[in-house]
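*Asks:* Before I ask anything, let me first share the structure, which is written out below as structure tokens.
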Amino acid sequence: MSIIDRTESAFESRELVIARWINVLALFALIGVLAGSLHLQFGVGEQPCPLCLVQRSGMIAIAVGPIMNLLWGMRPAHYALSIFGAFVGGAGSVRQILLHIQPGDPGYGPAVLGLHLYTWAFVTFAIAVVGCAFMLLWNKPFEVGDTGVLGQRGFLRFAALVGIAWVTIDLLIVGISVIPECGLGMCPDNPEDINGLGVVGGLLMMVGVGLVAVIIAAVVDRRLPTDK
């Protein structure tokens, strides 16, 4: 292999690592958004409305693309799945914004920095679509035959496993918490609040979820084979 070929190969490898880290950071950004909504539910005690559940589902659907990229390699189709998820969640956000767009309408739920959570959710979905579009324009990570991080021991793989485990746990929490609220029928439009764990209790719950994700990731990381 010539010096030029080795240089190009190193450059492509570096770009792939950068793309992987972007996907990991995207996962943790989504985890932060989900943590806020789950703290509102279990800490404050405010049950999510049906449109809120649609938006949470959209957040988790966005995470599917980065998870697949990290597990099986960078593919344009994986980003496309995230874009579809963002459109579904964004539709729920827009619907809820329009329900409370009339002057004098106080909106649904608390406001953060002057905007309600469904408005922030729409901003998140828009950022996700734009981010995926930029990643799709970046061809190099798709051209190197990436097979994912599972065979490459290191901090990147561990961070990816933590993010994947954390999103999976959040998915289980969202899915299980819907059962007592909605049962087998339609979810109520304006569900009654529950006795939450309090601000401190909600934060401790979120920290506990993170610790469980770290433990799961550590166990999986030790058991995975490593490419030589």
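Each reported figure results from applying straightforward, stated rules to the coordinates on display, with no laboratory input. These numbers come from a predicted model, not from an experiment. Positions of Cβ are backbone-derived with ideal geometry, glycine not excepted, and every protein chain shown enters the neighbour counts.
*Asks:* Give the order of Asp193, Asp146 when sorted by the count of other beta carbons within 10 angstrom, beginning with the fewest. Working shown, then result.
*Replies:* Details: Asp193 10, Asp146 19.
The most exposed by this proxy come first: Asp193, Asp146.
*Asks:* Considering the chain as a Gaussian network with a 10 Å cut-off on Cα pairs, which listed residue, His39, His78, His100, attains the greatest mean-square fluctuation?
*Replies:* Result for the chain, Cα springs under 10 Å: His100 fluctuates most.
*Asks:* Sticking with this one: Below 8 Å between Cα atoms, with a sequence gap of 6+, how large is the relative contact order for the chain in percent?
*Replies:* Values: 261 pairs, mean separation 70.5, N = 228.
Worked out over the chain, it gives 31 percent.
*Asks:* Most mobile of Leu113, Leu53, Leu161 per a Gaussian network model of the chain (Cα springs, under 10 Å)?
*Replies:* Leu113
*Asks:* Could I ask something else about it? How long are the three semi-axes of the equivalent ellipsoid of region 35-98, in whole Å, if each is the root of 5 times an eigenvalue of the C-alpha gyration tensor, listed from largest down? Spell out each step's value before the answer.
*Replies:* Numbers: eigenvalues 135, 46, 7 Å².
Semi-axis lengths for region 35-98 are 26, 15, 6 Å.
*Asks:* Could you tell me which label, among [x] 167; [y] 141; [z] 121, carries the value of volume of the Cα convex hull per residue in Å³ calculated for this structure?
*Replies:* Comparing each candidate, only [y] matches the computed number.
*Asks:* Highest GNM mean-square fluctuation, the chain, Cα pairs closer than 10 Å: which of Val199, Val112, Val149?
*Replies:* Maximum among the listed residues: Val112.
*Asks:* Next question, about the same structure. Using the charge dipole of the chain (Lys, Arg: +1 at Cβ; Asp, Glu: -1 at Cβ; taken about the Cα centre), state which of Ala133, Ala111, Asn23 has its Cα farthest towards the positive end.
*Replies:* Of Ala133, Ala111, Asn23, it is Asn23.
*Asks:* Going by the alpha-carbon gyration tensor, a ≥ b ≥ c the square roots of its eigenvalues, is region 32-156 rounded (a/c under 1.5) or, if a/c is not under 1.5, prolate (a/b greater than b/c) versus oblate? Spell out each step's value before the answer.
*Replies:* Values: a/c = 3.09, a/b = 2.00, b/c = 1.54.
Since a/c reaches 1.5 and a/b is larger than b/c, the shape of region 32-156 is classed as prolate.
*Asks:* Quick check: residue separation of Leu71 and Val144 times 0.36 nm, minus the Cα distance between them. What number comes out in nm?
*Replies:* Full-extension gain reported as 24.7 nm.
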